[in-house]
1. Which of the following residues is open to solvent by 20 Å² or more (accessible area, probe 1.4 Å), within 15 Å of the ligand (Cβ to nearest atom) and of a type in the set (Lys, Arg): 69, 75?
2. Considering only residues of the stretch 35-48 that are touching a strand residue (DSSP E or B) at 6+ places or on another chain (Cβ under 6 Å) and in contact (Cβ under 8 Å) with a residue 40 or more places away in the chain, which is surrounded by the most Cβ atoms within 10 Å (Cβ to Cβ)?
3. So, restricting to strands (runs of 3 or more DSSP E) that lie completely within the stretch 189-228, which ones have at least 1 residues that are more than 10 Å from the ligand (Cβ to nearest atom) and open to solvent by less than 10 Å² (accessible area, probe 1.4 Å)?
4. For the stretch 88-99, state whether one or more residues are free of Cβ contacts under 8 Å to residues at least 24 places away in the same chain and surrounded by fewer than 20 Cβ atoms within 10 Å (Cβ to Cβ).
5. Being more than 10 Å from the ligand (Cβ to nearest atom) and of a type in the set (Ser, Thr, Tyr) is the filter; apply it to the stretch 78-115 and report the residue that is nearest to the chain's Cα centre (by Cα).
6. Helices (runs of 4 or more DSSP H) wholly in the stretch 66-177 with at least 1 residues that are of a type in the set (Phe, Trp, Tyr) - which ones?
7. Regarding residue 244, is this residue open to solvent by less than 70 Å² (accessible area, probe 1.4 Å) and aromatic (Phe, Trp, Tyr)?
8. Taking the conditions exactly as written (within 15 Å of the ligand (Cβ to nearest atom), in a loop (DSSP other than H, G, I, E, B), open to solvent by less than 60 Å² (accessible area, probe 1.4 Å) and small (Gly, Ala, Ser)), does residue 63 satisfy them or not?
Amino acid sequence: MRVDAQRAVALALGANITSTRQLPGGSINEAFAVQLDDRREVFVKTNARADRRMFPTEALGLAWLSDAKAIRVPKVLAVSDSSETSPPFLALEFIASASPATNFDEQLGRRLAALHASGADTYGLAHDNFIGTLAQTNAACLTWAEFYAMRRIEPQVRLAVDRQAAPTAWTQTFGSLLSRLPDLVGPEEPPARLHGDLWSGNLHVDINGSPCILDPAAYGGHREIDLAMLKLFGTLSEQFAHAYDEVFPLAAGASERVPLYQLYPLLVHVNLFGGRYVHAAEQVVTYYT
Ligand code: ADP
């Protein structure tokens, strides 16, 4: 870890750093296990090029998810927004990991359902945040269909076309899908408290073998989007589905909406990684045509 970051972390946590160990797997930032001279071990991520609002908004998101007391979320210990004296960093409780408990999937189903059921004030959030390095606008909308269209799909399609990551024809293709969204998004539901970037890499197994969620892009929205994202890069077991449904049953037709709710993460992937995600996003449009 850079010396200036180490100095800032030590100052914020009121202890000296005795060792740092870089962790694998951070897709965007550098992540470290940091040992302090008061025997605490903490998790720190840094990124000298991060947007100065990135870590502070992640910290707010973690605290908001934690408030639901539904599923484990690391406690925020300190955050820097990159002032002149401190590079951007986020210091969290270190979550040591172990193998999943035999009922891990059931725990995850129940706890995620409880998180979603704890709700949100609006479709949106009081502040904007980021998904990966991409800005995510959370200004509230009156309906979920409007929010999903105007705050999620449309900005990512526009960015993809502007960056030439996708053909200009996308503006029209996706425009026509967006005009049909009110009929596609499913029955009206109150806003759910969402993790917002729930791919398997952001799901951790803690020392008790229980789930802990990391690295959110939180907001109030439709809960099927968290579930669709979990499915995008993994599978959801029967035990998970059963436990989730017992706590907070899904509305009719949820399986028909999985591609629709995978569209946002796919578009985010088009803008972060391009390549094969362009075709995958187009297949979603074909599915609903
Ligand atoms: P990025 O923002 O770069 O994607 P992540 O927040 O996903 O970084 O974290 C990077 C790595 O650090 C992941 O492998 C994750 O498992 C691990 N990690 C994240 N938060 C913690 C934590 N609080 N305690 C222990 N390990 C963590």
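The values are calculated or read from the model by the stated rules, or taken from the named source; none is laboratory data. The shown structure was predicted, so the numbers you read here are calculated from the model rather than taken from an experiment. Glycine gets a Cβ as well: all are built from the backbone with ideal geometry, and neighbour counts include every protein chain shown. For accessibility, only protein heavy atoms count, side chains too; no ligands or nucleic acids. Shrake-Rupley method; radii C 1.70, N 1.55, O 1.52, S 1.80 Å.
1. On the way: 69 fails: within 15 Å of the ligand (Cβ to nearest atom).
One residue alone meets the criteria, 75.
2. 44
3. On the way: elements: 192-194, 203-205, 211-213, 219-221.
Passing ranges, in order: 192-194, 211-213, 219-221.
4. Our first condition is that a residue be free of Cβ contacts under 8 Å to residues at least 24 places away in the same chain; within the stretch 88-99, this holds for none.
Among the residues of the stretch 88-99, not one is free of Cβ contacts under 8 Å to residues at least 24 places away in the same chain and surrounded by fewer than 20 Cβ atoms within 10 Å (Cβ to Cβ), which makes the answer no.
5. Only one residue tops the list, namely 80.
6. Hits in the stretch 66-177: 104-117, 144-147.
7. When the stated conditions are applied, residue 244 passes them.
8. Working: within 15 Å of the ligand (Cβ to nearest atom): yes; in a loop (DSSP other than H, G, I, E, B): no; open to solvent by less than 60 Å² (accessible area, probe 1.4 Å): yes; small (Gly, Ala, Ser): yes.
When the stated conditions are applied, residue 63 does not pass them.
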